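Structure first, then comments.
The values are calculated or read from the model by the stated rules, or taken from the named source; none is laboratory data. If you're wondering where the values come from, they're calculated on a predicted model, not measured in any experiment. Positions of Cβ are generated from backbone atoms using ideal geometry, with glycine treated the same way; all protein chains shown enter the neighbour counts. Calculation scope for accessible area: heavy atoms of the full protein, side chains included, ligands and nucleic acids excluded. Shrake-Rupley method; radii C 1.70, N 1.55, O 1.52, S 1.80 Å.
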Amino acid sequence: MTISLSLVKARHACDQEDGLDSYTWTKYDAREGGVQVIKDSQNNVKLTTEYLKVPGGEHGGSWAARIKGQPLNPDQPSRISTIFYAGIDGLGGIDLETDEDENGIDGPVVLAGSSLELDDFTLRIVDDPDNTGVTNGPHAKAFADRIDKTHIASFRIAPGTVWQAKDHILQNILKRAQDVIAPYRDPAIGAPDPSFVLQLSDEVYTGSTLYAIQKFFDGPFQFDIFFESASAKQKLSASTLGEGIKAFTTAYDARFDEVFPVPSSYQTSDLDSLKAFSKAITSNLIGGIGYFYGTSIVDKGFAYEWDQDDEDDADDDEEHKGARLTESKALLTATPSRSFFPRGFYWDEGFHLLHIGEWDNDLSLEILKDWINLIDENGWVAREQILGEEARSKVPAEFQTQVPTWANPPTLTMAVTAFVNRLKVAGLGPSDQDLGLDFNMGSQQEVMSEHVTSTSLRSRYLSDPGLSLEYLRSIYKPLKRHYDWFRRTQRGQIKQYGRKARSRTEAYRWRGRSKDHVLTSGMDDYPRGPPHTGELHLDLISWMAFFTRTMRDIAEFIGETDDASAFIVIERATLDNIEDLHWSEEHQMYCDVNVNDEDESYHVCDKGYLSLFPFLLSLLPPESPHLGPILDLLHDPEHLWSPYGLRSLSASHPLFGQGENYWKGPIWVQMNYLALSALYKTYGAREGPYQERAKEIYAELRKNVVDNVHKEFQRTGYVWEQYDAKTGEGRRSHPFTGWTSLVTLIISEKYY
């Protein structure tokens, strides 16, 4: 936390409304550490955090952080207060080892603590000897005993409330300030310098579970924080941190160039800037990974009237109707935006894991496994994981309740597909089983010493066939249960409306839509027909074809041959019904399907992302006669094509840019990534009548997307949730380094 000696400009979580110039990890690796830079012109400070993980011991190792401040404008005053706090939120305790003093502390501050997971540890906060404290200002003599000291406070707070530390800390400062300022209320006397007033109380209580340590600086500063695990038996120092960060940054740059190179096919006049941008958005994605734990709110009985005829998975028991808290669950997940969307989103997470998996395969699998573990006994997983009171504090009340008949695009399947593809590239595909390779080697690498490098920890599952097979087997059953849940609860009607289709089963409809929104589809306000029990959704049947293909791949890999054969049949039936039910010969495009007042089926054709789905998920064969009209649509400036990427809705549509304008024109990077992946890996790589055209469109679209997101990053200091359909300017949440960070994969041509 930083305070500019005016609580109006107190910073804590880099909230969007803080108006920061920028904040970003410039380099970050989840296993080693990173460098984060915050630029805050309102407080005239550039704040750099250098963070280093130090392995060792039996309880997760130690870490160190160096916090450095530099005035953005050296010609202006730069007096800053920083507050570091630490708390224990469960069993365990934390105590101040340094002798307390009612006027503050000179020298390092040491805390000692213990918890079940961390065992014994110490925290040391150490100033750099060259720091300059705040020693002058109005009434300095009256406060001489407390000037240029470190100030502290401790708090006894309820379990599970450390996340509210900011409130406790600011209340402590304000309470003391009211007493301190009382003698100076006469304007003739004048107020003391804020640094003498806005101080922690230096009151410490036995049994405290939260400690705050406050420092004041005049001009440039730095201080170090050392967390030392007792079982590591290693003393950290300023030189350890300095040398470690230098070695980390050198190794990080080299590995990044290896994993995410800029191919010669991408022409840029500023390669260094492009590389720095790519590192920043990758680092922010991985730096946004968090661990969440707590209850969620679920309503098992809610349904809109057009969904009330569904019988499967609906709970008719009055006792279970209404919103209720669930049991607590845990989730390791990436987040779309650290400040604005700090929680797990199903729709987003599959895209996140494509990127994370390229950098750290095994970390992506750990996150994926946590999501798989959320699948309940019926096969459902909530589309938003709002776990605990801290998470709920960031979500409007009307969006907190989850309904177990509502789905979301099953993007986790993309992460599974990407992993299987990496296994095949590594030579660990199903053919290895046919060659008699021993797939019972898991124990060979289960016991690993602490000296195993972080590089090998990133790819154990790509080098050990036993581990990879065991992993896929462990997720197969719950993922199949999830797949069956989709087929059961999101099914659509065919025979009821005389629809002609080769399969009588493969049709799908999103449950949980309202009149104007289909939030469950992920494309919230994209134009659809009116709600009806008979409507069919093109995007959902396309996702189900992709889901089926993924299940087939896993089944083949782990030797579930009967299941694999069944999935082949279902996939074929689903692809046939996409053609039979959703292709409009009249409009030469794929469309949703609805029912009119005469109970007749008709196509709902709104040109946009929805129209592209069979193409986006590479479901069409390269020789499909429908591929030509799709390429015409996406490359037409009157419709989806722009100099900045593909628009979500045709520029010629009457609803383009109207209403809340969320999916009615703005450019979304993840959808452009799907289009580029299809063009690059399928339609531009395989022979067909549109191969050359696909290559040309790919090259042009790739440059448009990358150039625009990079340009806006340079202009604003952020990447954004979406981009304006007319100007390319960043819009809505920022920094949005969830799926917008896919630009790194686009630059390096890493497609799933």
How many angstrom lie between the C-alpha centres of the range 319-343 and the range 29-81?
29 Å
Cross-link pairs beyond the 23 Å C-alpha cut-off, checked among Lys46/Lys703; Lys279/Lys703; Lys500/Lys664:
Lys46/Lys703; Lys500/Lys664
Surface share of carbon and sulfur [accessible, 1.4 angstrom probe, percent] for the range 333-400
45 percent
For the range 337-352, Karplus couplings with θ = phi - 60° (6.51, -1.76, 1.60), whole Hz, Gly/Pro x:
8, 4, 8, 9, 10, x, 6, x, 10, 4, 4, 7, 5, x, 5, 4
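Per residue, how much accessible area does the range 150-227 show when a 1.4 Å probe rolls over the protein heavy atoms, in square angstrom?
The answer is 41 Å² per residue.
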Contact order relative to length of the range 474-589, as percent, for alpha carbon pairs under 8 angstrom and 6 or more apart:
27 percent
Quick one: if you stick a label point 7 Å off each Cα along the C-beta vector at Thr249 and Glu700, how many nm between them?
4.2 nm
The chain: relative contact order as a whole-number percent, Cα under 8 Å and 6+ apart:
11 percent
Kirkwood Rh and Cα Rg combined as Rg/Rh, the range 1-148
0.99
Got a sec? Charge dipole of the chain, +1 on Cβ for Lys and Arg, -1 for Asp and Glu; which of His517, Leu198, Ala303 is way out at the positive end?
Leu198
Kindly rank 257-264, 648-655, 332-339, 552-559 from highest to lowest mean number of other beta carbons found within 10 Å of each residue.
332-339, 552-559, 648-655, 257-264
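How many Å² of accessible area per residue for the range 320-365, probe 1.4 Å?
On the way: 1290 Å² over 46 residues.
It amounts to 28 Å² per residue over the range 320-365.
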Lys726 accessible area, 1.4 Å probe, all protein chains in place, Å² to nearest 10
150 Å²
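Can you tell me how much longer the chain between Ser239 and Ala191 gets when fully stretched, taken as 0.36 nm per residue apart minus their C-alpha distance, in nm with one decimal?
The span from Ser239 to Ala191 would gain 13.1 nm if fully extended.
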Leaving ligands, DNA and RNA out of it, work out the accessible area of Cys591 with a 1.4 Å probe and give it in Å² to the nearest 10.
0 Å²
Roughly how many Å is it from the Cα centre of the range 695-752 to that of the range 537-565, as a whole number?
31 Å
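Rounded if a/c is under 1.5, else prolate if a/b is larger than b/c, else oblate: which is the range 163-244, with a ≥ b ≥ c the root eigenvalues of its Cα gyration tensor?
Numbers: a/c = 3.84, a/b = 1.84, b/c = 2.09.
Cα axes put the range 163-244 in the oblate bin.
Charges at C-beta only: +1 for Lys and Arg, -1 for Asp and Glu. How large is the resulting dipole of the chain about its Cα centre, in Debye rounded to 20?
Details: 75 positive and 114 negative charges, 269 e Å.
Rounded to the nearest 20 debye, it is 1300 debye.
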May I ask which residue of Asn421, Phe341, Trp406 lies farthest towards the positive end of the charge dipole of the range 335-426, with charges of +1 (Lys, Arg) and -1 (Asp, Glu) on Cβ and the Cα centre as origin?
Asn421
At 7 Å along the Cα-to-beta-carbon direction for both Glu377 and Leu174, put a label point, then send me their distance in nm to one decimal.
4.8 nm
Highest mean first, how do 700-709, 350-359, 110-119 rank when packing is the count of other Cβ atoms within 10 Å averaged over residues?
350-359, 700-709, 110-119
Using a cut-off of under 18 Å, list every residue of the range 502-542 whose amide N is near the label point 7 Å from the Cα of Asp597 along the Cα-to-beta-carbon line.
529-534
Send over a whole-number figure in Å² for the accessible area per residue of the range 632-752, probe 1.4 Å.
35 Å²
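Taking a ≥ b ≥ c as the square roots of the Cα gyration tensor eigenvalues, with a/c under 1.5 meaning rounded and otherwise prolate when a/b beats b/c, else oblate, which class fits the range 628-752? Walk me through the numbers before you get to the answer.
On the way: a/c = 2.23, a/b = 1.27, b/c = 1.76.
Cα axes put the range 628-752 in the oblate bin.
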Heavy atoms only, probe 1.4 Å: what % of the accessible area of the range 542-619 goes to carbon and sulfur, would you let me know?
43 percent
At 222 nm, what value in deg cm²/dmol follows for the chain if DSSP H runs of at least 4 each add -39500 (n - 2.57) and the sum is divided by all its residues, to the nearest 500?
-10000 deg cm²/dmol
Under 19 Å Cα to Cα from Lys39, which aspartates and glutamates show up? Leave out anything in the same chain fewer than 8 places away.
Asp15, Glu17, Asp18, Asp21, Glu50, Asp75, Asp218, Glu712
Run the 1.4 Å probe and let me know the accessible area of Tyr293, rounded to the nearest 10 Å².
140 Å²
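Rounded to the nearest 0.05, what FRET efficiency do Ile181 and Glu258 give with R0 = 45 Å and r taken as the Cβ-Cβ distance? Could you check?
Numbers: r = 58 Å, r/R0 = 1.28.
Between Ile181 and Glu258 the formula returns 0.20.
Among His151, His532, what's the order by accessible area (1.4 angstrom probe), most exposed first? Each step should come with its number before you reach the end.
Working: His151 0, His532 45 Å².
Highest to lowest solvent-accessible surface, that is His532, His151.
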On the accessible surface of the range 46-119, probed at 1.4 Å with all protein chains in place, carbon and sulfur together account for a percent value of 46 percent
Where the centre of each part is set by its Cα atoms, how far does the range 169-241 sit from the range 615-690, in angstrom?
54 Å
